[in-house]
Amino acid sequence: MKNCRLLHGLIVIMFSIVVARTVVSAQNTFRIGITDFPPYTYKLQDGTMTGLATKIVQEVLRGMQVETFVIEEYPWARALKMLTNGKLHGLYTIGKTDERAELYYYPDEPLLMTKWIFFIRQENVGKLTFTRLEDLKGHLIGVMRAYKYTPEFWDFVKKEQNYIESAYEEIMFKNLANDRLEYVLCDYAVGIAMIKRLGLENVIVPLAEHPLDESPVYIAFSKKVVALDFVVRFSQELKVLKMRPIYQTIQQEYIGK
């Protein structure tokens, strides 16, 4: 009888480990969140999700044989809340901070690198510049709500009270074009794509020579519904993908060489 109880206990423990390790596959659908962030993430007219980061994530998941997944678009702040609460399994493209690392699992390998720069109106070239934070003093800056820019930047603009938050990049660039903002802070590739989408190539220009920051972006996974070993396997598969020609092909498709 004692041996039977011991055997039963071992079976329960092993079953618990298996369940913990396969928490993702136990779900009917693996749900991933994005925000409109072209050329990294965006929706086509037929509703299909695409973009540089989307194609990378799709390739990695297929390599892991995760076939049943959906990618859904939300405002950024809402997507973060859903990830925290376990209503989303994953969210990309997202920066890594100590605070977020307490809430989410991050792969060791980033999806890609981003460069954060300021955009201004063409008419202000030579009048407005950016080489240091003091250049922004007295000027109104458009930023994205709930985005993690550099601590130094946030300290500066909160002290100066010279920023306006938006839920979408499109709103920021329209406000810049309409002279409601003087600067917009945005990822370089995202900003160029947005300018082209809105037909503002002759109105808005990038200040690309002095980026505010260059940083990696990741897919983050909810600790509530995703097992750590899944995240490790994702990172391993991503490293393999980056060594394959298709990774460069995807980059060239969306942002050129």
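The values are calculated or read from the model by the stated rules, or taken from the named source; none is laboratory data. Small disclaimer: the values here were computed from a predicted structure and weren't measured. A quick note on method: Cβ atoms are made from the backbone with ideal geometry, for glycine too, and the neighbour counts reach across all protein chains shown.
Examine region 183-200 for a residue that is modelled with pLDDT of 95 or more, in contact with a helix residue (DSSP H, G or I) (Cβ under 7 Å, 6 or more places away or on another chain) and part of a loop (DSSP other than H, G, I, E, B), and state whether such a residue exists. Yes: region 183-200 contains one or more residues that are modelled with pLDDT of 95 or more, in contact with a helix residue (DSSP H, G or I) (Cβ under 7 Å, 6 or more places away or on another chain) and part of a loop (DSSP other than H, G, I, E, B). Out of the residues in region 23-39 meeting the condition of being out of contact with any Lys or Arg (no Cβ under 8 Å at 6 or more places or on another chain) and not hydrophobic (A, V, I, L, M, F, W, C), tell me which one is modelled with the highest pLDDT. The residue in question is 33. Inspection of region 115-122 finds a residue satisfying the criterion of being at pLDDT 95 or above, aliphatic (A, V, I, L, M) and in contact with a Gly (Cβ under 8 Å, 6 or more places away or on another chain).
The residues of region 199-247 that are among the basic types (Lys, Arg) and farther than 24 Å from residue 35 by Cα, listed by number, are 233, 239, 244.
Would you mind stating whether residue 226 is in contact (Cβ under 8 Å) with a residue 60 or more places away in the chain, among the hydrophobic types (A, V, I, L, M, F, W, C) and either closer than 20 Å to residue 80 by Cβ or part of a strand (DSSP E or B) (or both)? Yes: the conditions hold for residue 226. Across region 141-166, the number of residues qualifying as touching a Leu at 6+ places or on another chain (Cβ under 7 Å) and of a type in the set (D, E, K, R) comes to 1. Checked against the criterion of being crowded, with 19+ Cβ neighbours inside 10 Å and under 21 Å from the mean Cα position of the chain (by Cα), the candidates 187, 213 yield just one match: 187.
Of all residues in region 129-180, those being at pLDDT 95 or above, part of a loop (DSSP other than H, G, I, E, B) and of a type in the set (Val, Ile, Thr) number 2. With the requirement that a residue be over 19 Å from residue 229 (Cβ atoms), buried (at least 18 other Cβ atoms within 10 Å of the Cβ) and among the small types (Gly, Ala, Ser), what does region 73-94 give you? 79, the sole residue that qualifies. Remark: residue 240 falls outside the filter, which requires a residue to be surrounded by 15 or more Cβ atoms within 10 Å (Cβ to Cβ), over 17 Å from residue 40 (Cβ atoms) and in the same structural domain as residue 45 (by TED's automatic domain parsing). Condition test on residue 70, is it farther than 22 Å from residue 145 by Cα, surrounded by 18 or more Cβ atoms within 10 Å (Cβ to Cβ), assigned by TED's automatic domain parsing to the domain that holds residue 236 and of a type outside the set (Lys, Arg)? It is false that residue 70 is farther than 22 Å from residue 145 by Cα, surrounded by 18 or more Cβ atoms within 10 Å (Cβ to Cβ), assigned by TED's automatic domain parsing to the domain that holds residue 236 and of a type outside the set (Lys, Arg). In the list 204, 120, 164, 192, which residue meets the criterion of being out of contact with any Phe, Trp or Tyr (no Cβ under 7 Å at 6 or more places or on another chain) and over 30 Å from residue 241 (Cβ atoms)? Residue meeting the stated conditions: 164.
With the structure loaded, tell me whether residue 109 is touching a residue at least 24 places away in the same chain (Cβ under 8 Å) and assigned to a loop (DSSP other than H, G, I, E, B) or whether it fails that test. When the stated conditions are applied, residue 109 passes them. Hey, any hits in region 49-56 for a residue that's at pLDDT 90 or above, under 12 Å from the mean Cα position of the chain (by Cα), among the polar types (S, T, N, Q) and in the same structural domain as residue 231 (by TED's automatic domain parsing)? Scanning region 49-56 turns up at least one residue that is at pLDDT 90 or above, under 12 Å from the mean Cα position of the chain (by Cα), among the polar types (S, T, N, Q) and in the same structural domain as residue 231 (by TED's automatic domain parsing). Do we find that residue 6 is in a helix (DSSP H, G or I), of a type outside the set (Asp, Glu) and modelled with pLDDT of 95 or more in this structure? Against the criterion (in a helix (DSSP H, G or I), of a type outside the set (Asp, Glu) and modelled with pLDDT of 95 or more), residue 6 does not qualify.
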